[in-house]
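Contents: one structure, followed by commentary.
The values are calculated or read from the model by the stated rules, or taken from the named source; none is laboratory data. All of these numbers come straight from a predicted model, not from anything done at the bench. Note that each Cβ is placed from the backbone with ideal geometry, even for glycine, and that neighbours are counted across all protein chains shown. Areas reflect the complete protein model, heavy atoms only, side chains present, ligands, DNA and RNA absent. Shrake-Rupley method; radii C 1.70, N 1.55, O 1.52, S 1.80 Å.
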Amino acid sequence: MGRFLLRRAVNYIVLVFLAATGVFFLASVSLHPEVNYLEKHPQPPLASVYTQLHAFNMDPRVPVTTRYWHWLTQLVLHGNFGLDWQGGSVGAEMGRRIFVSTELLLVATILGSVGGVAFGAWNALRQYKPSDRASTLFSYLMLATPVPVVAVTLRTLDNKIGSPIQYTGMYDPRVHGALAVAGNNIEHLVLPTLTLLLVQVTLFSRYQRSTMLDVLGAEFLRTARAKGLTRRQAVLKHGLRTAVIPVMPLLVYNIVLLFTGAVFTESIFGWHGMGEWLVSSIGYNDINSVAAVGIFTAGIVLVAGLLSDVAYAALDPRVRT
Amino acid sequence: MTAQVPIAAEAETALAAPVRRSRGRGALVLRRFARNRTALLGLVLVVLLVLFAYVVPYLVHWKYTDNDWNNLGTGPSGTHWFGTNHSGQDMFALTMRGLQKSLVIGLIGGPLSTFVAALVGACAGYFGGWTDRVLMWVLEFMLVVPSFLIIAVLSPHFAHTTWLIFVVLLAAFQWMITARVVRSMTMTVKDREYVLAARYMGVGSMRIIFRHVLPNLASILIVDATVQVGTIVLSETALSYFGFGVQPPDVSLGTLIADGTPDATTFPWLFFFPALFLVLLGIAVAFIGDGLRDAFDPSAAGAKARGKAQKKRDRASGAVAGPDAVALPGARNADAGGGDAEVISLTTGEGPRTAPTAQEGLSS
């Protein structure tokens, strides 16, 4: 088992390395960071722009392979992701953005998972009752609605009903004082969290509902009832626990992937997290940032896969060997 | 519903009984699909959307390239049904044009990704050995590669060529999960007698794959192609939203939604009309996909769930048993008689694993 896992891990690392290399080459060839400087008026001479970019390892006059080697050695030997087009550290920026994304996603994922499981189980228990039909219809609607539509609709509703909830950015820069900032920060969390919740709860509840339905007819539940448990006890203690197992890896997988997947939510509500970076780094033709995003995204797919395997093994005794 | 089902079901069993043997599998699936009202609704919706997108624009006065300089950013009215945008373009014409693009991209991209999945999965499963190892490694690599990033970075290169490249790229990052399912199903099919017989008769490997293996996986492939249509449309929307997909002057629903986003509060028609059509398209595709899945695999969702509900009701009490307690058995028997008896149903074999990636594109 250990050797198998090790071989898998090595394979994954090779895959991430190849993906990162691919992204770096692709970004270096297709993106033109000099555009950012040529937009300035008066236009700086191209030679000095290139000299500036040379310091950031983005000089188009240097062969791509040389730049790649420099980037790779810096990354592997010093853990240095290089500099962005304005000379800032990409690694530091990544740290900041991971923090921002975590703050945005933490509440949403926890509430989304718990809510999705609870909602799905509740619907399974009330199969074919009006509430179940209504939520089935609702989930069809939600799953067909792209996230930007959800986000913008919530924003518009917020404006129309004149609610005082602010929604742009992490917090209002005019607010001062630690406590006031924290409160304002939470206020800014409301709409993006609601957006994420609506999408996640519907998605997870569909899976939970179907696994729960499979479990509800099982023999062991009848045994539990025969043993003298009430229906409620039996369903909660034996039914739900069994039904959560197949959904758990999915939850873990989705939650981890959300770190780069919250592109819309972050962009529309103005949070400068990892998802927004994915779009903005390309917009600025920022090669080193794009490469960093590439590594992060590839890495997170692997982490998600491994964690969901672990979650499955931890929950399901049949998988453990 | 309670009143109609038993009659219809009984009529069906009565009609079906004598001719049952002569029915082919396709006819059965079709019949079960037609019985599913939500699936039919989805089909009608898609047909209507296609008609709307391709026929109605010829019947109205404004083209999506026209500017009405007397109406800049005006709301819905008799002349402009969906209003106009800031440069006086008719939103109805624009939305229909965007719907055309989204439909075409989805309808080409979905089946294309399923085709790639079928080919790769079947080859890996059928040949095994090194072919399998290499293909599966490529598959894992494709899963790791950040698809959004790569298409976005590449987008300037195909901005001035055709959008078909964009469709191919979308499909290229969408086939992996299905390919895995196809591979494992191929491995079970390849040792069946008819495949062995074909092989001993000297039929070529690729021919066996296309003639004997893939047709046996038709159910999952058809369902997958439908689901992928929705996924591809949503991915296209996501990329176009950020300006990496369909490029101006051409429009898609994604670019329209992106253009309408800043004005959603003040000029709601700029955002919500394209959004509405996108949602309609998504729901229709989902309805059809679910209907097909149930039609191909009667034991999986519809029939089984109904059986359970019935059992539960029986257990609950005889007193509550209203008219539907009597009605349901009839419907159930019809299902069992019409479905399970004749068909060797291939379960779609889609665990919950399939959908998360379907969500990935939009998941945020």
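Filter segment B:99-135 down to the residues that are out of contact with any helix residue (DSSP H, G or I) (no Cβ under 8 Å at 6 or more places or on another chain) and within 14 Å of chain A (Cβ to nearest Cβ), then identify the one that is nearest to B:L164 (Cα to Cα).
My answer is B:V134.
Do we find a residue being at pLDDT 85 or above and more than 19 Å from B:L270 (Cα to Cα) anywhere in segment B:87-94?
Scanning segment B:87-94, I find no residue that is at pLDDT 85 or above and more than 19 Å from B:L270 (Cα to Cα), so the answer is no.
So which residues in segment B:225-276 are under 16 Å from the mean Cα position of the chain (by Cα) and not β-branched (V, I, T)?
Hits for segment B:225-276 are B:A225, B:Q228, B:G230, B:L234, B:S235, B:E236.
Quick check on A:V49: is it open to solvent by less than 40 Å² (accessible area, probe 1.4 Å), assigned to a helix (DSSP H, G or I) and either farther than 23 Å from B:H157 by Cα or in contact (Cβ under 8 Å) with a residue 60 or more places away in the chain (or both)?
yes
A quick yes/no check of all residues on (1) under 27 Å from A:F259 (Cβ atoms); (2) over 19 Å from the mean Cα position of the chain (by Cα); (3) within 12 Å of chain B (Cβ to nearest Cβ); (4) modelled with pLDDT of 90 or more:
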site	(1), (2), (3), (4)
A:S131	no, yes, no, no
A:A144	yes, yes, yes, no
A:V147	yes, no, yes, no
A:N159	no, yes, yes, no
A:D172	yes, yes, no, no
A:N184	yes, yes, no, no
A:L203	yes, no, yes, no
A:M212	no, yes, yes, no
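Restricting to segment A:1-26, name every residue that is among the β-branched types (V, I, T) and either more than 8 Å from chain B (Cβ to nearest Cβ) or in contact with a strand residue (DSSP E or B) (Cβ under 8 Å, 6 or more places away or on another chain) (or both).
Answer for segment A:1-26, where residues must be among the β-branched types (V, I, T) and either more than 8 Å from chain B (Cβ to nearest Cβ) or in contact with a strand residue (DSSP E or B) (Cβ under 8 Å, 6 or more places away or on another chain) (or both): A:V10, A:I13, A:V14, A:T21.
Name the pairs whose Cβ atoms lie under 7 Å apart, with the first residue in segment A:165-187 and of a type in the set (S, T, N, Q), the second in a loop (DSSP other than H, G, I, E, B), and 6 or more positions between them or separate chains?
A:Q166/A:D172; A:T168/A:F269; A:T168/A:G270; A:N184/A:Y171; A:N184/A:D172; A:N184/A:V175; A:N185/A:M170; A:N185/A:Y171
How many of the residues in segment B:71-97 are under 25 Å from B:L281 (Cβ atoms) and either in contact with a Pro (Cβ under 9 Å, 6 or more places away or on another chain) or free of Cβ contacts under 8 Å to residues at least 60 places away in the same chain (or both)? Give the steps one after another, and end with the answer.
At the first step, the residues of segment B:71-97 found to be under 25 Å from B:L281 (Cβ atoms) are B:75-76, B:80-85, B:89-97.
This time we only want the ones that are either in contact with a Pro (Cβ under 9 Å, 6 or more places away or on another chain) or free of Cβ contacts under 8 Å to residues at least 60 places away in the same chain (or both), so: B:75, B:80-84, B:89-97.
Within segment B:71-97, residues that are under 25 Å from B:L281 (Cβ atoms) and either in contact with a Pro (Cβ under 9 Å, 6 or more places away or on another chain) or free of Cβ contacts under 8 Å to residues at least 60 places away in the same chain (or both) number 15.
Output the number of residues of segment B:240-262 satisfying the condition of being within 10 Å of another protein chain (Cβ to nearest Cβ) and not in a loop (DSSP other than H, G, I, E, B). Full working, then the answer.
At the first step, the residues of segment B:240-262 found to be within 10 Å of another protein chain (Cβ to nearest Cβ) are B:241-244, B:253-254, B:257-258, B:260-262.
Now drop any that are not not in a loop (DSSP other than H, G, I, E, B), which leaves B:241, B:253-254, B:257-258, B:260-262.
Residues that pass the stated criteria total 8.
Which residues, taken from segment B:136-159, are more than 7 Å from chain A (Cβ to nearest Cβ), in contact (Cβ under 8 Å) with a residue 24 or more places away in the chain and not in a loop (DSSP other than H, G, I, E, B)?
B:M136, B:L139, B:M142, B:S147, B:I151, B:S155
Taking helices (runs of 4 or more DSSP H) that do not extend beyond segment A:209-321, which have at least 3 residues that are open to solvent by 60 Å² or more (accessible area, probe 1.4 Å)?
Passing ranges, in order: A:219-226, A:231-234, A:287-315.
Yes or no, residue by residue, for (1) within 22 Å of the chain's Cα centre (by Cα); (2) within 10 Å of another protein chain (Cβ to nearest Cβ); (3) β-branched (V, I, T); (4) closer than 30 Å to A:L125 by Cα:
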{"site": "A:G228", "(1), (2), (3), (4)": "no, no, no, yes"}
{"site": "A:R231", "(1), (2), (3), (4)": "no, no, no, yes"}
{"site": "A:L240", "(1), (2), (3), (4)": "no, no, no, yes"}
{"site": "A:A262", "(1), (2), (3), (4)": "yes, yes, no, no"}
{"site": "A:F269", "(1), (2), (3), (4)": "yes, no, no, no"}
{"site": "A:I295", "(1), (2), (3), (4)": "yes, yes, yes, no"}
